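Single-structure report; data block below.
The values are calculated or read from the model by the stated rules, or taken from the named source; none is laboratory data. All values reported here derive from a predicted model rather than from experimental measurement. All Cβ positions, glycine included, derive from the backbone under ideal geometry; neighbour counts span all protein chains shown. With ligands, DNA and RNA removed, areas are computed over all heavy atoms of the protein, side chains included. Shrake-Rupley method; radii C 1.70, N 1.55, O 1.52, S 1.80 Å.
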Amino acid sequence: MVSYFNEIDKINFAGPDTEKQLAYRYYDANRMVLNKTMAEHLKIAVCYWHSFCWHGGDAFGAATRNLPWEAESNILKRYENKLDAAIEFVTKLGVKYLTFHDIDLAPEGNSPQEYQYNLNHMVDKLGQKLNDNKLQVLWGTANAFSHPRYMSGAATNPNPEIFARAAFQVKNALTATKNLGGLGYVLWGGREGYDTTLNTNIAQELEQLGRFLTLVAEYKHKIGFKGSLYIEPKPCEPTKRQYDFDAATVYALLQKFDLVQEYKLNLEANHATLAGHSFTDEIAYACANNLLGSIDINRGDAQNGWDTDQFPNSVEEMALVLYEIFRHGGLTNGGFNFDAKVRRQSNSLHDMFYAHVGAIDVLAKSLLAAEELIVNKRLSDNISSRYSGWQTSLGSNILQGKVSLEDLAKFVVENNKEVNPPSGQQELCENIVNQAIWKK
């Protein structure tokens, strides 16, 4: 096995006062927080695509990153080298999980048969390395959006033969994820949407998408995959309008096709903000409807209107996100996947470590703030007090359907008084959050 990060030692916890840049200040994997270790709560994953496949190119310029594991003419050997780099990186980072697309892990090849051979070959290689290094797949997925065949969608394509090709890929990727012991499988409909209604039959495409999701759920049960199925919402980009716009849109889609019990959501921070929501809002909505499954943790840039996939760096933002997640019981099979990439100008391999170490510390510090908010109960007590009227006989009877519209009208007339709503105390709540973040 070739080493690609010789100059980097394993990253360890050194405490908040350390001067070392490549050390954890707050992420102590074995520290107990809310009755679990930090590592168990967060289940931190490194994504294969941005970390080991992305060359630094963008819509306006060519590659800026030299990936030494690609300096090999034999294509399968090149992917084996990339796998070596990924395993070395994850083990030195001191986390336990990877996420991948099928064609990140193995070359697609020139035929379905070649695709299957390559994927099976690399799954065998990955499985052995996971076992040797005590690592795990958080989730796998299929890339059914990059190839030109998917220019008009995969499941929602006007051509049913392309629908079938996408089904072929997902079948193989889901099988691979199961064989690798993955905890989940994600469907991101990168091009399941449209740019104009002038050439789009929306009703037809929605039926196709519902059928595809049903087929995947059926296959999951057929092969005995015990992991979770996730859908990852995104409002736009590359299409103008996606059918999986946000958490609420996906919930409606799942209800329409009777799939609510089959799928959870893999929510991404940058996708939430592109939809016009805060990430906390998306998380809270998913929790309220028992849909939260896993997290792609990153951020966008307020001055850039596209999916920049930057590493999270704000404890203030992440503390509220983690508070919502863990006050609702935390994640089960899901975890925190760094679907993020270094900046195009950050062309040293060392920058990957700086990015991940800093972001992991942000998560860890945010988790400690969330623990403080959950334990002191100041926010939850404020909410309980604000809605306490619904615990009275009037509130209870309304929700249980024991009163009619006429009954309520009669109640208002008989009581004949103006009622003031309770104060929202937003400023106090914001102070409580900041106090939790600043607490040592």
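Pairs linking a residue in region 46-60 that is within 17 Å of HIS356 (Cα to Cα) to a residue that is among the aromatic types (Phe, Trp, Tyr) and open to solvent by 10 Å² or more (accessible area, probe 1.4 Å), with Cβ atoms under 8 Å and 6 or more positions apart or on different chains, are VAL46/TYR97.
Of the residues making up region 224-272, those that are farther than 22 Å from THR196 by Cα and part of a loop (DSSP other than H, G, I, E, B) are GLY224, PHE225, LYS226, GLY227, GLU232, PHE257, ASP258, LEU259, VAL260, GLN261, GLU262.
Residues in region 345-374 that are in a helix (DSSP H, G or I) and free of Cβ contacts under 8 Å to residues at least 12 places away in the same chain: 1 in all. When LEU209, LEU187, LEU198, LEU183 are screened for being among the hydrophobic types (A, V, I, L, M, F, W, C), more than 18 Å from ALA142 (Cβ to Cβ) and either free of Cβ contacts under 8 Å to residues at least 12 places away in the same chain or in contact with a Ser or Thr (Cβ under 9 Å, 6 or more places away or on another chain) (or both), only LEU198 passes. For region 315-344, filtered to residues that are of a type in the set (Gly, Ala, Ser), touching a residue at least 24 places away in the same chain (Cβ under 8 Å) and farther than 16 Å from VAL357 by Cβ, the residue that is most open to solvent (accessible area, probe 1.4 Å) is GLY330.
Of TYR354, TYR387, all but one fail to be hydroxyl-bearing (Ser, Thr, Tyr), open to solvent by 100 Å² or more (accessible area, probe 1.4 Å) and within 30 Å of THR64 (Cα to Cα); the exception is TYR354.
For region 273-285, filtering for residues that are out of contact with any Leu (no Cβ under 6 Å at 6 or more places or on another chain), touching a residue at least 40 places away in the same chain (Cβ under 8 Å) and outside any loop (DSSP other than H, G, I, E, B) leaves 4. Return yes or no: is LEU379 over 32 Å from the mean Cα position of the chain (by Cα), assigned to a helix (DSSP H, G or I) and not hydroxyl-bearing (Ser, Thr, Tyr)? No; evaluated as a whole, the condition is false for this residue.
Being of a type outside the set (D, E, K, R), under 16 Å from SER152 (Cα atoms), modelled with pLDDT under 95 and touching a Pro at 6+ places or on another chain (Cβ under 9 Å) is a condition met by no residue of region 206-213. Condition check: touching a helix residue (DSSP H, G or I) at 6+ places or on another chain (Cβ under 6 Å), in contact (Cβ under 8 Å) with a residue 40 or more places away in the chain and either under 25 Å from LEU98 (Cβ atoms) or open to solvent by less than 20 Å² (accessible area, probe 1.4 Å) (or both). Does GLU262 satisfy that? When the stated conditions are applied, GLU262 passes them. Inclusion of THR249 among residues that are β-branched (Val, Ile, Thr), under 21 Å from ASN201 (Cβ atoms), touching a Lys or Arg at 6+ places or on another chain (Cβ under 7 Å) and open to solvent by 10 Å² or more (accessible area, probe 1.4 Å) is not warranted.
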